[in-house]
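Okay, structure first, notes after.
The values are calculated or read from the model by the stated rules, or taken from the named source; none is laboratory data. Computed from a prediction, not measured in an experiment: that's the story for all the values here. Heads up, the Cβs are rebuilt from the backbone with ideal geometry, glycines too, and the neighbour counts pull from every protein chain shown.
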Amino acid sequence: MSFELDSVMVEESERHCALAEQVASALAPSIPIIYTADARGAARPENVADPFAAGKRRLVIARRNSPFLMGCPAGSARFACCGYLVLILASNCPMDCSYCFLQEFVADNPAFQVYSNYADSFEELDRLIHSAPERHFRVGTGELADSLAFDTLTRLSCDLIEFFQTRENLTLELKTKTDEIDNLLKLDPRGRVLVSWTLSPDAVWRSSEHRTAAPSARITAARAVLDAGYKVAFHFDPVIAYPGADRDYTRLIDDLLDILAPHEIAFFSLGGLRMTPTLKSAARRRFPSDPMLLGEEVAASDGRLRTFTPRRLALYRLIADKFARAGVKAPAYLCMEPASIHERVFGSAPPRSALLGNRLASA
Ligand code: SF4
């Protein structure tokens with residue numbers, strides 16, 4: 001896959017950092033590189049109809065001044081959580097899914113940023129390991145950005161994999177909707193790296209997941225990284241209820257299990273379409289003809305709009321049961337759902353967050 005950029009803006013102080021030099025060496029000559037004292041300010045789109053879309057086409061290389069490592073921002077006492085930790089190495093994404101929460105989360109700062117001092121995050125990770133040597137942590141880079149979009153340009157995955165290769169109680173999760181795996185295939189993850197794909201039926205991909213790799217290409221890429229020694233996992237998130245969804249999710253899992261054996265899946269997760277009213281209006285404004293944004297929803301107790309519980313539960317059960325019948329014994333979890341929904345889908349209470357986290361990290 002290749003994504004188009006209008007320009008690259010590099011903070012003047014970072015002109016000679018490894019990331020800026022790497023990007024300059026790999027960038028098409030037609031794309032200008034602008035060095036400026038305030039790259040974020042310079043990249044902020046003004047006087048354009050869709051600032052969020054314009055921001056995705058401006059790559060900013062700047063220092064991050066906040067910590068890189070944090071608990072998953074989706075975590076909350078309301079939900080049964082999976083113990084996921086996130087490493088914020090980039091913000092925003094060159095793809096454009098109509099349901100993406102970044103349309104609200106980074107609305108005021110939509111430039112696609114990659115942090116020049118990303119290697120400082122390794123010290124934070126080492127401090128984490130030393131603080132809890134008995135734990136096994138799963139750390140992902142795909143929360144505020146896709147982990148692999150632009151990896152051919154930045155090569156971030158190479159430094160990450162080299163670091164995680166040697167850390168026994170850490171697992172790196174690279175979460176993506178791309179098939180940008182060339183760098184991965186050149187490295188040996190030594191069992192410490194998991195690549196996960198978000199999977200949706202073709203109908204959702206066509207209407208809502210703009211510029212992402214086709215679901216079949218994601219599954220093919222999963223096969224390739226598995227053969228190269230990586231673990232693989234899948235996120236069915238958001239699961240969307242639309243006419244024909246039952247048939248399409250069934251086919252999607254059949255397609256996946258045609259290419260991967262049940263024991264090759266490290267874990268899977270499920271999550272329903274959920275949007276705050278602000279996100280919903282932004283998404284409908286940007287994608288007025290997307291039928292996936294027009295389903296019937298109710299306001300849940302967390303203020304998000306969600307598919308009616310019985311319909312949501314039916315789709316979760318369909319997917320979970322299909323995997324169980326196929327012999328998939330991998331751990332599974334629900335994202336941003338309460339324990340009561342977990343019990344109704346999987347027939348048991350969810351494990352404590354730390355326990356589930358440990359299980360997923362060593363799956
Ligand atoms: S791939 Fe992920 S981060 Fe990128 S636009 Fe889609 S949902 Fe958002």
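A few comments on the model shown:
- Residue within region 226-236 that is touching a Leu at 6+ places or on another chain (Cβ under 8 Å), of a type in the set (D, E, K, R) and modelled with pLDDT under 95 present: no
- Any chance Asn169 is within 13 Å of the ligand (Cβ to nearest atom) and under 27 Å from Phe268 (Cβ atoms): no
- Selected residue (only one of Gly347, Gly272 is closer than 29 Å to Ser207 by Cβ and small (Gly, Ala, Ser)): Gly272
- Taking region 192-214 as the range and being within 13 Å of the ligand (Cβ to nearest atom) and not polar (S, T, N, Q) as the test, the residues that pass are Trp197, Leu199, Val204, Trp205, Glu209, His210, Arg211, Ala213.
- Given (1) touching a strand residue (DSSP E or B) at 6+ places or on another chain (Cβ under 8 Å); (2) within 16 Å of the ligand (Cβ to nearest atom); (3) more than 23 Å from Leu273 (Cα to Cα); (4) of a type outside the set (S, T, N, Q), number of the condition Asp151 does not satisfy: (1)
- Boolean, Pro45 is more than 16 Å from the ligand (Cβ to nearest atom), buried (at least 16 other Cβ atoms within 10 Å of the Cβ) and under 25 Å from Pro277 (Cβ atoms): yes
- Between Leu194, Leu270, Leu185, Leu257, the distinction of being within 15 Å of the chain's Cα centre (by Cα) and farther than 23 Å from Ser98 by Cβ belongs to Leu194 only.
- Hits in region 237-277 (condition: part of a strand (DSSP E or B), of a type in the set (Val, Ile, Thr) and touching a Gly at 6+ places or on another chain (Cβ under 8 Å)): Val239
- Hey, Phe234 within 16 Å of the ligand (Cβ to nearest atom) and in a strand (DSSP E or B) or not: yes
- Flag if Arg284 is closer than 17 Å to Ser98 by Cα and either in a loop (DSSP other than H, G, I, E, B) or at pLDDT 95 or above (or both): yes
- Matching helices (runs of 4 or more DSSP H) fully within region 47-131 where at least 1 residues are farther than 27 Å from Asp302 by Cα: 51-55, 121-131
- Each residue in region 319-363 was checked for being surrounded by fewer than 17 Cβ atoms within 10 Å (Cβ to Cβ), among the aliphatic types (A, V, I, L, M) and assigned to a helix (DSSP H, G or I), and 4 of them qualify.
- Residues that are farther than 15 Å from Gly142 by Cβ and either outside any loop (DSSP other than H, G, I, E, B) or within 16 Å of the ligand (Cβ to nearest atom) (or both) within region 180-189 comprise Asp182, Asn183, Leu185, listed in sequence order.
- Identity of the residue in region 100-136, touching a strand residue (DSSP E or B) at 6+ places or on another chain (Cβ under 6 Å) and hydroxyl-bearing (Ser, Thr, Tyr), that ends up nearest to the ligand (Cβ to nearest atom): Ser121
- Just one residue in the set Ser147, Ser196 is surrounded by 22 or more Cβ atoms within 10 Å (Cβ to Cβ) and part of a loop (DSSP other than H, G, I, E, B); that residue is Ser147.
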